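Coordinate-derived values only; no laboratory data. Predicted, not measured: the structure shown is a model, and the values here were computed from it. Here the Cβ positions follow ideal geometry from the backbone for every residue, glycine too, while neighbour counts run over all protein chains shown.
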Amino acid sequence: MKIILLGAPFSGKGTLARNIMKDFDVVQISTGDLFRENIKNGTEVGNLAKSYMDKGELVPDEVTIKMLAERIKKDDCKKGFILDGFPRSIAQAEALKTITDIDAVIELDVPLDEIKRRCVGRRICSKCGEIYNTSTYDKSTCQKCGAPLFQRDDDNLETITLRLEVYEKTTAPLINFYADKLFVAKGSEKGPEETYKPVKTFLEGLK
Ligand code: ADP
Ligand code: ZN
């Protein structure tokens, strides 16, 4: 199964992807995570991406698309994958068409108020990647594995405002672009498990 996840920053794409991976034979491919890995390893791609990410702008297509195309070729993607954070523009979606077909697109729809509430509180486990929010979890270590939590460099108010604008302007048009494959999931106030339930039913119907 080949799935695209659409949704604004902080809509909960990463958490939803992790839930899908538990039940379906797919790997999560997050272009944001790939860039952060490159930055950590000091690669050329990382150095280039950092300047854009720090500002909350999109990394140029030629870099992003090439990185994604290479990642998708790897063996662990054979059974399927979830794209989290790619494509982020019509141009990237057009490029993706020449790389692979896609079975389903899931849009995670969360009200803007809720997104703003979540943004500065996001914390991520440095070891297992579990995602928390200080509004519901105020410890500094991971509940699952005990490793320290960290806040992403770009999770600050200035960058977040721009990232949300980029989403509305450049990424949201993909909702129409993928109309024939689209499933809309409403982010539930009851939490990620409730958000995931209808998505799971939808994906089971595709198998
Ligand atoms: P979020 O969805 O919370 O904004 P991501 O981890 O998906 O976080 O992305 C972080 C940053 O990485 C983006 O602001 C952008 O600079 C860069 N990035 C990630 N995916 C892409 C992409 N498909 N195209 C261009 N830039 C990207
Ligand atoms: Zn952890």
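Wrap a convex hull around the Cα atoms of the chain, take a quarter of its surface area, and give that in square nanometres.
11.0 nm²
Quick one: Ser188, Ser135, fewest Cβ neighbours within 10 Å first, how do they rank?
Values: Ser188 15, Ser135 11.
If I rank by nearby Cβ atoms, fewest first, I get Ser135, Ser188.
Mind putting a number on the dipole of the chain about its Cα centre? Charges go on the C-beta only, +1 for Lys and Arg and -1 for Asp and Glu, and I need it in Debye to the nearest 20.
520 debye
Exposure proxy check: Leu16, Leu149, Leu182 ranked by fewest other beta carbons within 10 Å?
Leu182, Leu149, Leu16
Grab the DSSP H runs of the chain that are 4 residues or longer, score each as -39,500 (n - 2.57), total them, divide by all residues and round the 222 nm result to the nearest 500 deg cm²/dmol.
-13000 deg cm²/dmol, from helical runs alone.
Give the residue list of trypsin sites (Lys or Arg not before Pro) in the stretch 75-107 that are DSSP loop and have at most 16 other beta-carbon atoms within 10 angstrom.
Answer in residue order: Lys78, Lys79.
Return Arg118, Arg18 ranked ascending by Cβ neighbour count within 10 Å, so the fewest neighbours appear first.
Lowest to highest Cβ neighbour count: Arg18, Arg118.
Of Gly85, Gly129, Met1, which is farthest on the positive side of the dipole of the stretch 1-146, counting Cα position, with +1 on Lys and Arg Cβ, -1 on Asp and Glu Cβ, and the Cα centre as origin?
So the residue we want is Gly129.
Using only Cα atoms, what Kirkwood radius does the stretch 72-183 have, in angstroms?
16.5 Å
When only C-alpha pairs under 8 Å and at least 6 residues apart count, what is the relative contact order of the chain, in percent? The partial results should precede the final answer.
On the way: 289 pairs, mean separation 62.9, N = 207.
Relative contact order of the chain: 30 percent.
Pop the C-beta distance of Asp180 and Asp33 into the FRET formula with R0 = 35 Å and round what comes out to the nearest 0.05.
0.80
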